[in-house]
Amino acid sequence: MNTRLASFLLAAAALAACSKSSSKSGPVVATVGNESITADEMRQRLNETSPFLRARYNTVERKKEFLENLVRNELLAQEAVRQGFDKSPAVKEQMKRAMIQELIKHQLDEKLTGADIPDEEMKKFYEAHIDDFVKAERARIFHIFLPAKDAKEKAEQKKKAVALLKDIDAREKKGEVSAFQNAATKESKDAASAAIGGDLRFLSKDELTKGYNAELANAAFDLKNPGDKGGPVETPTGIELVKMQVKTVAMNRSFEESKESIRQRMARERRSRDYDEWMKKLRESTKVSINDSELEKVQVEPAAAPSGMPGAQPMAGHPVPAPVQKPPPTATSKIGGN
């Protein structure tokens, strides 16, 4: 029996085992042995298919074709039960996973839409996280600062800045992408940024004004495109050259514009909290023990290296287990419960 068929039969056995314990009602479209297939069950299976496939089952002949698939599944499921597959560990494991999915869906996911979250709570969330919805325009700017105390020094530094800018342009045309940054490292007298190529990181216009001066901020935000350069710019402390790396667009989303995204975010965060609290209660009410000595013996085989690659195994399917790093020896630990 190939793996694909075996997996199908195991799933079919699990389906049969579950169907015996479930009550069915409504019109019956087919009977298979002692089991019935109802109209509601068929409708549910049809709705699980894609709209494109579902559209083809619009005649009696097509519906019979779909029903025949359900009949075959039921026949296989009943045969799997007769052969005892419903008692196999693999089927039991699949049933356990299905039960967990249904439990989580019932316990947590029904409130995932957040429809029950009142506007007042969402408004408080919006106000507490206003920076996520209202953001000023920001830019990453490089600059070269040449200090000057008086008009004479500023005139001299302005000449130097003009020459620097001309040299930078020429070097960029030759392919030196970081010509401005290299010049900043060598010539800028701003100790905080010179070592990193004059990089001022991402700042809003207001932040740049407060950190440096309005003249530098105005010149920087007058630049429109990445790579644009400006200056020489005269400031109270000297002369500046500026280059824009990138600019982010300002965002100003009102509460009404943000309401649905807030609802979804709050619902996800609530689900995560509810899950953690739920698991904590379950663990506290159930005795759980970890056998460290047996856990240490569990060997984990690494994935086989691709053929032809260094470290590939000579025989496919037989990788050498990687050595397991031994944790510090501890006594068997008990977690939760009494």
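The values are calculated or read from the model by the stated rules, or taken from the named source; none is laboratory data. Model, not experiment: these values are computed from the prediction. Counting neighbours? That spans all protein chains shown, and the Cβs are built from the backbone with ideal geometry, glycine included. These area figures cover heavy atoms from the full protein model, side chains too; ligands, DNA and RNA do not enter into them. Shrake-Rupley method; radii C 1.70, N 1.55, O 1.52, S 1.80 Å.
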Subject >> Solvent-accessible heavy-atom area per residue, rounded to whole Å², over region 58-109 at 1.4 Å >> reply: 74 Å²
Subject >> Principal semi-axes in Å for region 230-286 [√(5λ), Cα gyration tensor, largest first] >> reply: 52, 19, 9
Original post:
Debye sum, Cα scatterers, region 138-269, no solvent: what log₁₀ I/I(0) at q = 0.12, 0.13, 0.22 1/Å?
Top reply: -0.51, -0.57, -1.32
Original post:
Where only protein heavy atoms count, and the probe is 1.4 Å, what is the accessible area per residue for region 127-220 in Å²?
Top reply: 58 Å²
Subject >> Gyration tensor verdict on region 31-111 (Cα atoms; rounded if a/c is under 1.5, prolate if a/b is larger than b/c, oblate otherwise) >> reply: oblate
Original post:
Going through region 21-71, which GluC sites (Glu not before Pro) have at most 10 other Cβ atoms within 10 Å and a DSSP loop state?
Top reply: GLU48
Subject >> Filtered trypsin sites (Lys or Arg not before Pro), region 144-231: DSSP coil and at most 10 other beta carbons within 10 Å >> reply: LYS149, LYS174, LYS224
**OP:** For region 119-178, compute the number of Lys pairs whose alpha carbons are separated by less than 23 Å, excluding pairs fewer than 8 positions apart on the same chain.
**Re:** 14
